[in-house]
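Quick note: the coordinates plus some simple rules give every number you see, no bench work behind them. A quick note: this is a predicted structure, and the numbers were derived from the prediction, not measured. Cβ atoms come from the backbone with ideal geometry, glycine included; neighbour counts cover every protein chain shown.
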């Protein structure tokens with residue numbers, strides 16, 4: 001069965017600093033990978049996705065992620081963090097078998113931004 | 001477009017009570033999903049519906065039932081609520097062959 005590990009439960013960065021959130025996955029085939037963001041009291045919003053092709057993908061809100069098959073990783077990066085980026089971030093892997101496109105989520109990384 | 005909507009936003013139940021969480025979408029989603037979110041555990045899939053008229057168990061289905069009433073609506077029922085079901089519940093939807101799930105705002109349920 002597929003799984004996702006987000007090793008950092010909580011990260012604090014200063015506004016304007018760069019950010020990298022780690023994600024490692026376990027999946028038997030070529031994975032479909034996602035990053036979602038959840039602002040306090042809100043649902044989840046898709047930041048970016050990787051299905052195939054270029055291993056560096058760009059998303060919304062200045063986000064990007066790089067798929068590294070050899071490391072089973074899909075780390076999220078932002079070059080400059082804004083205070084409004086404070087949220088919880090979830091990495092997910094898609095199960096491309098069966099009748100529905102199901103996602104398995106990591107446990108999340110909570111980002112705090114200091115001014 | 002309202003997207004994915006959920007009712008109620010908040011609910012407090014006593015142990016043993018029943019309730020139904022409602023989810024509706026106007027995004028022409030074929031597949032719909034129910035998740036629960038607990039601190040430190042991410043989102044876990046309870047049930048899903050690949051298409052109208054079908055439902056399947058996810059990772060944590062015990063204590064829940066679902067109904068895919070029509071293409072737009074997918075409800076989650078707790079027949080006899082337990083404190084372990086205190087959680088935030090999210091509904092999501094996606095079109096066929098897409099993995100981009102659109103989430104509702106969530107229902108915060110407390111069982112005392």
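Mind checking the log10 I(q)/I(0) for the range B:56-99 at q = 0.14, 0.16, 0.28, 0.33 Å⁻¹? Debye, one equal scatterer per Cα, no solvent, two decimals. With no solvent term, the Cα-only Debye profile gives -0.42, -0.54, -1.27, -1.39. Working value for the range A:45-115: equivalent-ellipsoid semi-axes of 24, 15, 11 Å, each the square root of 5 times a Cα gyration tensor eigenvalue, largest first. Between residue B:44 and residue A:3, the distance separating the two model label sites (each 7 Å from Cα on the Cα→Cβ line) works out to 1.4 nm.
Binning the alpha carbon pair distances of chain B at 10 angstrom intervals from zero yields the distribution 16, 51, 28, 5, expressed in whole percent. Using bins of 5 Å that start at zero, the share of Cα-Cα pairs per bin across the range B:1-50 amounts to 4, 14, 20, 25, 22, 10, 4, 0, in whole %. Counted over all Cα-Cα pairs of the range A:1-109, pairs farther apart than 19 Å make up 41 percent. If you take all C-alpha pairs in the range A:2-49, what percent of them are over 15 Å apart? Everything past 15 Å amounts to 62 percent. Across the alpha-carbon set of the range B:24-66, the Rg to Rh ratio works out to 1.01, Rh being the Kirkwood radius. Kirkwood analysis of the protein assembly as shown, using all unique Cα-Cα pairs, places the hydrodynamic radius at 18.0 Å.
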